[in-house]
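Novice: This is the structure I have questions about; it appears just below.
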Amino acid sequence: MPAHRAESQKEAAVRLLGEQGIMRLSELKAAGVHYQTLARMTEDGSVLRVGRGLYQLPEADYSLTHSLAEVAKAVPKGVICLISALQFHELTLQAPPHIWVAIGRKERMPRISYPPVRAIRFGEKAMSVGVERHVIDKVETPIFDPAKTIVDCFRYRKEIGIDVALEGLRNGIRRRKAHPDRIAAYAGELHIWSILKPYLDATVADEG
């Protein structure tokens, strides 16, 4: 490949990554940046390969939630959930060792070397309600809203622990990030109201 074409691709890669923050290999290839160019740029340090098929610029100033954006790119049909969503909404002091991401029943399990991911399957209804889309480091990142996250934590209390679910509930009510009526509505939709109701009633009474 002529040098001027490789240089043109390099400039395009730098521009695109500067605009979008993180990109998949398929996105860069669709924009005319060949894998060989990315390989050379990775070798000389002008781009970083931060995960399987994920690239970013090395000098970018990223937030602490950057790993959520990486997962959003790597799992485009996933939604950040459970403890990772609680952490994003500042409803827990937990620092999970991996990013929790919800995927549909029929989706393939993601294979990601970094950041570490814990994928959990949600039904169609649970995947479709309460999804917010936050822009993190220029990447649109789907995350369940606080009330939906709290309900999900009770649904998966065996996986994450009832103490974490209760912490999220108390903080959501106390900090007014999750209205009791909204929590109750999600709990009813997802058939967990009979389990969650006593905890919600007690929390509202304590905070009242």
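The values are calculated or read from the model by the stated rules, or taken from the named source; none is laboratory data. Predicted, not measured: the structure shown is a model, and the values here were computed from it. Glycine also receives a Cβ, built like all others from the backbone with ideal geometry; neighbour counts cover every protein chain displayed.
Novice: K73 passes all but one of (1) touching a residue at least 60 places away in the same chain (Cβ under 8 Å); (2) over 25 Å from R24 (Cα atoms); (3) among the charged types (D, E, K, R); which number fails?
Specialist: Looking at each condition in turn, K73 falls short on (2).
Novice: With the checklist (1) farther than 21 Å from R24 by Cβ; (2) surrounded by fewer than 17 Cβ atoms within 10 Å (Cβ to Cβ); (3) touching a strand residue (DSSP E or B) at 6+ places or on another chain (Cβ under 6 Å) in hand, flag the one item G188 doesn't pass.
Specialist: (3)
Novice: Examine the range 158-165 for a residue that is under 10 Å from L82 (Cα atoms) and among the small types (G, A, S), and state whether such a residue exists.
Specialist: So far as the range 158-165 goes, yes, one or more of its residues are under 10 Å from L82 (Cα atoms) and among the small types (G, A, S).
Novice: Something else now. For the range 95-133, how many residues are within 14 Å of the chain's Cα centre (by Cα), aliphatic (A, V, I, L, M), assigned to a loop (DSSP other than H, G, I, E, B) and closer than 18 Å to T149 by Cβ?
Specialist: Within the range 95-133, residues that are within 14 Å of the chain's Cα centre (by Cα), aliphatic (A, V, I, L, M), assigned to a loop (DSSP other than H, G, I, E, B) and closer than 18 Å to T149 by Cβ number 0.
Novice: Specify the residue that is farthest from R108 (Cα to Cα); the eligible residues are those in the range 118-139 that are surrounded by 19 or more Cβ atoms within 10 Å (Cβ to Cβ) and in contact with a strand residue (DSSP E or B) (Cβ under 8 Å, 6 or more places away or on another chain).
Specialist: D137
Novice: Six or more apart or on different chains, Cβ atoms under 6 Å: show the pairs whose first residue is in the range 84-113 and touching a residue at least 60 places away in the same chain (Cβ under 8 Å) and among the charged types (D, E, K, R) and whose second is buried (at least 20 other Cβ atoms within 10 Å of the Cβ) and assigned to a loop (DSSP other than H, G, I, E, B).
Specialist: Close Cβ pairs satisfying both conditions: none exist.
Novice: Shifting gears a bit: Among the residues in the range 7-27, are any modelled with pLDDT of 80 or more, outside the structural domain of L166 (by TED's automatic domain parsing) and part of a loop (DSSP other than H, G, I, E, B)?
Specialist: No, the range 7-27 contains no residue that is modelled with pLDDT of 80 or more, outside the structural domain of L166 (by TED's automatic domain parsing) and part of a loop (DSSP other than H, G, I, E, B).
Novice: May I ask you to list the residues in the range 191-208 that are outside any helix (DSSP H, G or I) and either in contact with a strand residue (DSSP E or B) (Cβ under 9 Å, 6 or more places away or on another chain) or modelled with pLDDT of 95 or more (or both)?
Specialist: H191, I192 - these are the residues of the range 191-208 that are outside any helix (DSSP H, G or I) and either in contact with a strand residue (DSSP E or B) (Cβ under 9 Å, 6 or more places away or on another chain) or modelled with pLDDT of 95 or more (or both).
Novice: Tell me which residues, restricted to the range 146-161, are touching a residue at least 40 places away in the same chain (Cβ under 8 Å) and either not assigned by TED's automatic domain parsing to the domain that holds L200 or not in a helix (DSSP H, G or I) (or both).
Specialist: Correct list: Y156 only.
Novice: Being assigned by TED's automatic domain parsing to the domain that holds R170, assigned to a strand (DSSP E or B), at pLDDT 90 or above and not charged (D, E, K, R), is that true of even one residue in the range 62-71?
Specialist: Taking every residue of the range 62-71 in turn, none turns out to be assigned by TED's automatic domain parsing to the domain that holds R170, assigned to a strand (DSSP E or B), at pLDDT 90 or above and not charged (D, E, K, R).
Novice: Another question, if that's okay. With the requirement that a residue be over 13 Å from T65 (Cβ atoms) and modelled with pLDDT of 95 or more, what does the range 87-103 give you?
Specialist: L91, W100, V101, A102, I103
Novice: Given the residues V164, V135, V131, which is the only one that is modelled with pLDDT under 95, assigned by TED's automatic domain parsing to the domain that holds P96 and either farther than 30 Å from L54 by Cα or of a type outside the set (G, A, S) (or both)?
Specialist: One residue alone meets the criteria, V135.
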